[in-house]
Every structure is written in structure tokens, then in C-alpha cells.
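Structure first, then comments.
The values are calculated or read from the model by the stated rules, or taken from the named source; none is laboratory data. Please read these numbers as outputs of a predicted model, since none were measured by experiment. Note: ideal-geometry Cβ built from the backbone for every residue, glycine included; neighbour counts use all protein chains shown. Quick note on the areas: whole protein, heavy atoms, side chains included, nothing else; ligands and nucleic acids left out. Shrake-Rupley method; radii C 1.70, N 1.55, O 1.52, S 1.80 Å.
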Amino acid sequence: MSNQSYSETNESADLHVTGEAVYVDDIPVGGQLLTGRVVISPYAHAKIVSFDLRDARRIPGVHAVLAHADIPGDNQMGPVVKDEPCLAADEVTFCGQAVFLIAAETEQQCREAERLIQVAYEPLDAILDIETAMSNDSLMGSHRRIERGDVEAAFAASDHIIEGELRTGAQEHWYLETQACLCVPGERDEITAYSSTQHPSETQALIAGVLGIRRNSVVVEVRRMGGGFGGKETQANHTACWTALLCRATRRPVKIRLFRDDDMIMTGKRHRFLTRYKAGFTGNGILEAVRIELNADGGAATDLSFAILERAMLHADNSYYIANFSVTGAIWKTNLPPNTAMRGFGGPQGTAAIETVVDRVARFLRKDPAEIRSRNFYGTISRNTTHYGQTVENNRLPEMYNQLIRSSDYRERRIAVDEFNATHEFYKKGLALTPVKFGISFTTSFLNQAGALVNIYTDGTILVNHGGTEMGQGLHSKIRHIAAREFGVSLKRVKVSATNTSKVPNTSATAASTGSDLNGMAVRNAAATLKSRIAETIAEVFSEENRSSPTFASHIVFEDESIIDGDHPERRIAFADAMPIMQHRQVSLSATGYYRTPDIGWDREKGRGKPFHYYAFGMAVSEVLLDLLTGRHKLLRTDILHDTGTSINPAIDIGQVEGGFIQGVGWCTTEEIKWDENGRLMTHSPDTYKIPTVGDIPQDFRVSLLRTDPNPGTIHGSKAVGEPPFMLSLSVWLAIKDAVSAVAGHELEPEFSLPATYEVILLSIEKLKAKTLKEASL
Amino acid sequence: MTRVTVKTTINHRKYELAPDPNQTLLDILREELGLTGTKRGCEIGQCGACTVLIDGRAANSCLVLAPQIDGKEILTVEGLASDGRLHPLQESFMDHDAVHCGFCTPGMLMSAKDLLDHAPHPSEEEIRVGISGNLCRCTGYVQIVDAIHDAAERLGKKERIEN
């Protein structure tokens, strides 16, 4: 059946709609499979005084119960900084930290064994929020700073000053497929891990580390993930390491698939931030000086917090030129699960800060916020360098603004919203436009590299292996398009393999929206090597047949499923027919490709350089209807214009824009993470943690891709699309704030935080009403 | 635990099973029968990834205990195509790129089938209600709603031709 149906867009769609697509939990394993379970800490911070595993080990069907001392290699799974034990040794530092591992024949036996583990904990004081961490000087690493100009002098010279604080919340990834790994033992110390990971090479390295074996004994394979969103960039390693330890201890295949609630309790989230800001501006709303202090809740271990804070600092300008700008940042260590990558990677938190500033400036001046935004946009010729010194090249912001203001009927709707608000007491409408400028590249510059291995078989079929992983973002589908285009063949001829560390080694994570940029280029480079070999051989063949006018290899073209002499188009051979000739003439049909992003560099210490290969731009206008009595709101309409360069696959890109935006709407509105006073996660299930459903999407949703020139220096002129649209959701958050603000006739600044839950909205409205009454009575 | 005898039809095939009474339908499908198209998402009936049809109506198979399927007809995503032809919903999901990571897709398809079987010409609002119990974290739902619309039209055309 799969052979009959075929999608041009999605290389696996036929498998998904028939239920044949295989995820880790679906891989058929023989009768030897054991189930793994992780026993976690019930305390946010405690000493492990003693434990006894003997009773647990006696349960029939239980094959292994492991503690830290049973780890044959390093008890370590920190991805960058080695501060994250695989299993807690003397101390637990967050609720949900792994302490013991169990492998048994059934889940029930695992649970029985868990009940019989005896542990004595001695609870210690725990730090559960950023303020407490600050007052205890619980700093992770050091303070960071990126500055330009003289902020203090510019404040003194500014017409107006505003100051404030913004809290942005944590966010759970809520990938539909929870963390999962299946490990199968091989000969000697070999092990194969089928892991739902965004970073197979790191998973391989950490498995080798905990097992105390060499990396050439570990193979990690990823067919696909049921969603990643950054949550499987480093923290898939954990489940993989635990599974590998149980596999090694039992010498049997072992699978761990975290239950949803366990996954939510054990894994880190998007960092919550406490941001303080001060801004000086002119009477026209031009930002003269801004100071932003970003404080991130890092959780109990470093994970990727440094890079996340850095990206937040590099996006605290969003789309605005700020002549005098100081951005400082700190990560605070708390007793919560180590926070980690999530779509946007600090970008949303930095962007939310400056969007709050610009929004406030507009309200202060009683001006239209979209107008104030456009006045502060980066210029195309002047006012076009960022606070870290990179020039904003090919700036699309002014052009997109003009287009979107028109296509969304922004001005007419602004008037209509004001009229509605003037005539409705219990309902208010809000409207907001927000832009996004998002830097594309890993800010840790050396990570911007990728590899590929392309094989052509003698039947003319092509198998593409590359270092990127498929998590639903459509990477493999784009890679298939790229390969087909390079060889001038139909999509049907090309298959993209599962990602496998034995085929393409030492890869970077599929992250930072760079998957198709980096791997696409590596695939193109591999294809170029093969094409040059094929061209030489086929030119020989053509020349042998036409001795008077030989074919030049450099004039061979690949198109229409054929290999053609560009000078003599009648000399052609079908692609598939050429491949057996290659084999007979003893020429390899397998080649590797490698790519590194050119001309980028970032001096972390100085806070200066060109960290990004280019910028992706987007803009959104959202309108909401708010019920003042309940805080309930409806997203009436969203218009998005997004820049993907020359899209490799518009259907995928539009899907990414819509999906990223809606995930952002969740972060901005309903997704609220709460811990109790003991550091236990209260919102650990979809019962209490609400990601957007279909009912939460805009009633009227208009998404289009910017018609624009090809992006220079990228694969087929395209731009990355994974993360940038996430931040467009701030238009919804600010539209809600606009509606709240209408309660006081836009005369007062509402107290607001993110997510804008019903509770936040109602409290904000009440405070505005109280202030209005007070002012009226004076 | 005393096993129970359960007679059921799954994807048009008759089965006589002897599960533990506390096994869920989801366990039976995935672990006993190898029908892994039905996914484990939350296991508390909130995400819809495990949706199947029981006597033609959508149900979360993680909340259905084995004895409850005695005498029932179950349809899973693996049984959606018939005679080697995809169901129009499957085709339209492919055509509208309604599949991203794919993990919600089987449940989404089954909820959509229930909807179209009972409301062949649904409004956009009815479609939204019809899949309101199915979470998707990738797509933003738009392509899914479009795909269901389109499938309804395809089914309507097919019906007209057959009549």
C-alpha cells in the first residue's frame, strides 16, 4: 500500500497515515526485551543517607536494580559542563532526579521492585525561585554583558524614562512521544541504541562515557521522533544512558519509555526569566537608551543554559536599533530540573523583554504601538548594526511592515477596535503587531558543521544519509528535495535513511533551526563529488562513441532523470542506466559531503562579532476579544507574513510557521508551570498543563510567505524556519494586554506577565479598575 | 489475576483473547497484537493519540479495559484503508501536509472518521469540535482541519458517483 501512495511534500506521510511509521516504542523486539524504570528523587534537595536494594533485587522477573556505584564508566551526563550525574550519588538536587534503575520482565515487576527500595533521605534547604537564588548568590557561571554606547549618559539626555520588571514562564515541550530509548547488546561491549534524540552523536558519546567503553562500540540510530522542540537536544541523552546501563547490566535488550507524568516531572523546561528594564526615549518614541537585565532560572545543572542566555541577550534588540544599549544576563541555580533548549532557545525571552519596552513606550506616548515599532526598526542603510556589532543585511522589516499593515487592514481595524471598546463595557478587543528578527547559526560557532554520506546503487536509486534528525519539522523531506534537485532526478528515486552515527559521525545537534541549512549543504557537497565522478566517466563513454568531437566532463548536466552532454544534447543516458557503467568502470558510487558555515565568528568575552550567518524575519498582527468578567479570550484573527527566502518546500514551511506560532500562543497564554513549596511539579499531566487545542487557534488565520529574492549563501536560497515564527505569538500576548489596557482607556500601564493566564488577566483588570477609581476620586 | 475471555473484532478480523482484566485496549493492540499504529501519548485519556473506533465511535483506547471490548467491533488506523486503497481521510492528510511528526496522526484520523461517518458535511466549527480531544504539538491544526474538510468533499463526491 505504501508503494501506491506517495506524498511530494512529506517523505513519510504514507507511513504515518497507515500507522506503519516506526517510533522507538514501535520497534519489534523478540521475547528477551526487558522494561526499564527510573526511580526518582521525591525531594528538591536532600542528602542520601543510606539505601538498601536487596529486597527489590529479589522480586521474580527483576533482572537488575542499579545505583550510582554500579555504573561502570563515568557517572556523568552533562552535555557541556560535567555537573550532571547520571544517577544521584550522595545528594539529590531536584525532585525527579534519577537515583536508581530497574530492569524487569514487566512494568508491574518494576513497580513492585521500586516499592521495596529503601532509601533514607535527609532533606536540605531548597532554592525554588530566582529571587531566592539571587539572595543566596546561587549563580551559575558568571554575569554576562553585551554593551554599546553610553547608556547612563543617554538616559540623562532622554525626554522620557520608563522602568519595570517582566516575568516570563517556563514551558514544557510536550512532544507527543515521550522520551524513549531501546538498547540492544552486541558482541563484546558493542551496543546499539535506538533513541528518540535530536543529537545522536552526543547520545553516543555519553553512552560510551557511562559504560566506560569507546565510541566506536556504540551505534545510535534515530528513524524519527514524535516531536522534539529542543526537549530531546540534551535530555534524550538521559533516558539513553539509563537504558544503556540496564542493557549492559542484563546483557538483554532493554527499553525505557517514560510515562507522560514522569517525563514532565523529570525533564527540564524552557527557562523562566525575571527581566528588569529601563528605557529612555524621545517624544517621538525613538529608543535612545535601553538597559535590560535578564535573569534565567537554570535549574540544578548547567545543561545548555549559557548558550540559551546568550541567545536571549542577542535577541533583546528583536528588530529595533538601539544606539545605547546594555544587556546583562545571569543564570541562577535552583533546585528544579535542569532547564534546557526549547524552540527559540532564549530568543523568546529576550524578545518579550524589548517588546514590553516598546509597547510601554507607545502607551506612555498615547501612540499606536505598530507605528512606534516601525520607527525603531533597523534601517536598511543606516541604523543597521546590532548591539553586538553585526550588520543587519538584507533587512526585510520595513518592506514586510508596509505589506502587512495593508494586507491585515491594520489601520481600519485599529479604528474598529477602538469603536468597539468605546461601546462595550464587559468585552474589550485588542490588536497588536509584532515583528521578529531571528539570528540563524549556533552561537557556539564551531557547531555550525554537518556531514553527509550519499550512496547511489546500481539500479539508479539514491540513499542519502546525513547528520540531521527528523522530529516532524520535515528535514528529511527537504533533504530529499535537495538531493533530487542536485541529481536532476525525481523524488521517487531518493530515499533518506535513518540517522545513524556509524554512517555520519561527530555531528551537531539538529537544533538552532539549522537542520536543512547545514545538512542540506553537506548533502549538496556529497552530490557534487559524485556528479563530478559520474560526469568524467560518462564523458569518457560519450567520447568513445564520438571520437571526432569529445564530450567534456565539465559540460555534462544532470536533468530530467538523465545525464546529458550540454554541448550535444543528443548524447544522453538515463540516470539509472549510467550507474551499472560506473560499477563496471570501477568508480565509487558512494561519497561523503561536509559543510561548515563560512564567515561567522563570535567573541563571547567581548560580546562582539558576527554570530549569525543571516537573519530570518517575520511579522504578525493578532486581534483578540476579551471577556472582562472571566478573563476568557478568543483569538479572532491572526495575519502572518514570514520570510523563508526561496522556500525549498512551501507546504512544510507554512506548517512550521503555523505550528511554531501556536506553540508560542501556548507559552503566552495557557501553559503555566507550577511547582509547590517543596519543589514538586504540580502541573505534571495534560489534566493540569494545557497546550493549545484546535479551539485555541485563530478563528481567521492568514499565513503567507514573503515573496523575496533567494537568500544568498544558503542551500537553494532558502532560510531556516523552525524557531523564528514562535516569537510571532507575542502579538497575541500584546493584543490581550491591549484589550486589558482598554479598561483604563489606555491611560495606565497594566501589570502583566507571561503567560497571560485568566488569573493574570483578571488581576490586571482589577488593579486597573482600582487605580482608575482612585484617580477619579482624587 | 484471573484472565478473562474476550471475543472481539479488530480491523474486520475476529479474535478470541484471554487478557488480564486490567489490561487496556491500548495494551492489547500494541503489546499483544503488534498493532503499534495506535500511540501511547498520556495514558489518561487527555491527548487522543490512542483514539480508535469502538462500534463506530471514537474512544481513547487507554481508558478502555479489556472486558469492555467483548462483543465490540474495533477499528484502528491499520484498518482504515480497505481493499488496498487508502481512505479519503488518509489521502487528504497526505495532500494537505497535515502530518508533521506523525505521532498524533493515527488518533486524529480516527476522530475524524467518527466525525465524517456521523456528520458527512461538517462545518469548520464541527470539525474543530470533532478533533478537540486530540492534541497536536506540531501543526497548529490548520492543515489538519483543511484535510478533514477536503476528505468530506471527496467522500461526498464518491457517494454521488456511487449513487
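Give the shape of chain A as rounded, prolate or oblate, defined through the alpha-carbon gyration tensor: a ≥ b ≥ c are the square roots of its eigenvalues, a/c under 1.5 means rounded, and otherwise the shape is prolate if a/b is larger than b/c and oblate if not. Because a/c hits 1.5 or more and a/b fails to exceed b/c, chain A counts as oblate.
Per residue, chain B reaches -9500 deg cm²/dmol at 222 nm when only DSSP H runs of four or more residues are counted, each adding -39500 (n - 2.57). Amide H to amide H, with H built 1.01 Å from N, A:Leu453 comes under 5 Å of A:Asn465, A:His466, A:Gly593, counting only residues 5 or more places away or on other chains. Each residue of segment A:278-283 was assigned a 3J(HN,Hα) from its phi angle through the Karplus curve 6.51 cos²θ - 1.76 cosθ + 1.60 (θ = phi - 60°); the sequence is 9, 9, x, 8, 7, x Hz, with glycine and proline shown as x.
Determine the shape class of segment A:449-596: with a ≥ b ≥ c the square roots of the Cα gyration tensor eigenvalues, call it rounded for a/c under 1.5, and otherwise prolate if a/b is greater than b/c, oblate otherwise. Verdict is prolate for segment A:449-596.
Using the Cα centre of the protein assembly as shown as the reference point, and only Cβ charges (+1 on K/R, -1 on D/E), how large is the resulting charge dipole? Debye, rounded to the nearest 20.
Here the size comes out at about 800 debye.
Counting Cβ atoms of other protein chains within 10 Å of each Cβ in B:31-42 and taking the mean gives 5.
If R0 is 45 Å, what FRET efficiency do you get for A:Asp567 and A:Gln403 from their C-beta distance, rounded to 0.05?
Once rounded, the FRET efficiency stands at 0.50.
The H on the amide N of A:Met471, modeled in the peptide plane, is under 5 Å from the matching H of A:Met225, each at least 5 residues off or on a different chain. Buried on complex formation within segment A:429-475 (loss of at least 20 square angstrom of accessible surface versus the isolated chain, 1.4 Å probe, ligands and nucleic acids ignored): A:Gly472. So what is the relative contact order of segment A:449-596, in percent, for Cα pairs below 8 Å that sit 6 or more residues apart? In percent, rounded to a whole number, it is 34. Chains A and B together bury roughly 3900 Å² of accessible area, counting both sides, with a 1.4 Å probe on protein heavy atoms only.
What a 1.4 Å probe finds exposed on segment B:6-79 is 44% carbon and sulfur by accessible area, rounded to a whole percent. Site pair A:His143 and A:Arg188 shows an inter-label distance of 5.3 nm when each label is modelled 7 Å from Cα along Cα→Cβ. In the full protein context, segment B:88-162 carries 36 Å² of accessible surface per residue, based on a 1.4 Å probe and ignoring ligands, DNA and RNA.
Working note: Karplus 6.51/-1.76/1.60 with θ = phi - 60° gives segment B:57-69 the couplings 10, 5, 8, 7, 5, 6, 9, 9, 8, 3, x, 6, 9 Hz, where Gly and Pro are set to x. Sorting A:649-659, A:52-62 by average packing, meaning the other beta carbons within 10 Å per residue, from highest down gives A:649-659, A:52-62. What number, in percent, do you get for the relative contact order of chain A if the mean sequence gap of Cα pairs under 8 Å and at least 6 apart is divided by its residue count? For chain A, the relative contact order is 14 percent. Rounded, prolate or oblate, given the Cα gyration tensor of segment A:601-721, with a/c below 1.5 counting as rounded? In terms of gyration-tensor shape, oblate. Per residue, segment A:192-326 exposes 20 Å² of accessible surface when a 1.4 Å probe is rolled over the protein heavy atoms with every protein chain present. What are the residues of segment B:135-150 that lose 30 Å² or more of accessible area, with a 1.4 Å probe, going from their chain alone to all protein chains? For segment B:135-150, once contacts with the other chains are taken into account, B:Leu135, B:Arg137, B:Cys138, B:Gly140, B:Tyr141, B:Val142, B:Gln143 lose 30 Å² or more. Remark on segment A:151-178: accessible area falls by at least 50 square angstrom from chain-alone to full-complex state for A:Leu176, probe 1.4 angstrom.
Of B:Lys72/B:Lys157; A:Lys255/A:Lys503; A:Lys269/A:Lys495, which ones are farther than 28 Å apart at the Cα? Cα-Cα > 28 Å for B:Lys72/B:Lys157; A:Lys269/A:Lys495; rest within. Given a Förster distance of 56 Å, report the FRET efficiency between A:Asn284 and A:Asp74 from their Cβ-Cβ distance, rounded to the nearest 0.05. Efficiency computed from Cβ-Cβ geometry: 0.45. Computed from the Cβ-Cβ distance with R0 of 45 Å, the FRET efficiency linking A:His584 to A:Asn394 stands at 0.40.
With a cut-off of 17 Å, note down the residues of segment A:327-366 whose backbone N falls inside the zone around a label point 7 Å from the Cα of A:Glu747 toward its beta carbon. What the label zone holds, given the 17 Å backbone N cut-off, is A:363-366. Note on A:Thr688 and A:Arg58: their simple-model spin labels are 3.6 nm apart, each label 7 Å out from Cα toward Cβ.
Round to a whole number: what % of the accessible area of chain A belongs to carbon and sulfur, probe 1.4 Å?
Carbon plus sulfur share of accessible area: 49 percent.
Taking the centroid of alpha carbons for each part, segment A:256-290 and segment A:502-549 are 42 Å apart. Model label sites at A:Ala157 and A:Val49, defined 7 Å from Cα along the beta-carbon direction, differ in position by 6.5 nm. Within the same chain, aspartates and glutamates fewer than 8 places from A:Lys771 are excluded, and of the rest, those with a Cα less than 12 Å from its Cα are A:Glu747, A:Glu749, A:Glu751. The Cys residues in chain A with no partner Cys Cβ within less than 4.7 Å of their Cβ are A:Cys86, A:Cys95, A:Cys110, A:Cys181, A:Cys241, A:Cys668.
Please give the calculated 222 nm ellipticity per residue for chain A, where each DSSP H segment of at least 4 residues contributes -39500 (n - 2.57) and the sum is spread over every residue; nearest 500 deg cm²/dmol? Dividing the helical sum by the residues of chain A leaves -9500 deg cm²/dmol.
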